[in-house]
1. If I ask for residues that are surrounded by 10 or more Cβ atoms within 10 Å (Cβ to Cβ) and either modelled with pLDDT under 70 or outside any helix (DSSP H, G or I) (or both), which ones from region 42-77 would you list?
2. Within region 1-41, count every residue that is modelled with pLDDT of 90 or more and either in contact with a strand residue (DSSP E or B) (Cβ under 9 Å, 6 or more places away or on another chain) or not in a helix (DSSP H, G or I) (or both).
3. May I ask you to list pairs of residues, at least six apart or on different chains, whose Cβ atoms are under 8 Å apart, with the first in region 13-32 being more than 14 Å from residue 55 (Cβ to Cβ) and the second being at pLDDT 90 or above?
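The values are calculated or read from the model by the stated rules, or taken from the named source; none is laboratory data. Treat the numbers as computed from the prediction; the structure is a model and nothing was measured. When we count neighbours, we look across all protein chains shown, and the Cβ atoms used for this are built from the backbone with ideal geometry, even at glycine.
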């Protein structure tokens with residue numbers, strides 16, 4: 001499924017939600033997603049449903065911040 005079609009379908013779900021209730025319920029929480037962070041060219045964030053949620057909340061006046069990934073150093077054997 002294309003990112004565009006996924007976005008259309010996913011945004012339809014927001015129609016039944018109250019953004020104030022969602023923001024209050026998850027205040028201070030973090031949404032974690034496993035899509036990875038950067039695109040293949042490492043130039044911009046990879047498409048993720050978390051961007052759609054953040055866009056929706058911002059449109060209703062709530063702040064959302066994208067945190068950079070935490071990198072872990074691999075331990076040698």
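1. Taking region 42-77 and keeping what is surrounded by 10 or more Cβ atoms within 10 Å (Cβ to Cβ), we get 45-60, 62, 64, 66.
Within region 42-77, 45, 46, 47, 48, 60, 62, 64, 66 meet the criteria.
2. Count: 2.
3. Pairs that qualify, where the first residue is more than 14 Å from residue 55 (Cβ to Cβ) and the partner is at pLDDT 90 or above, are 20/60.
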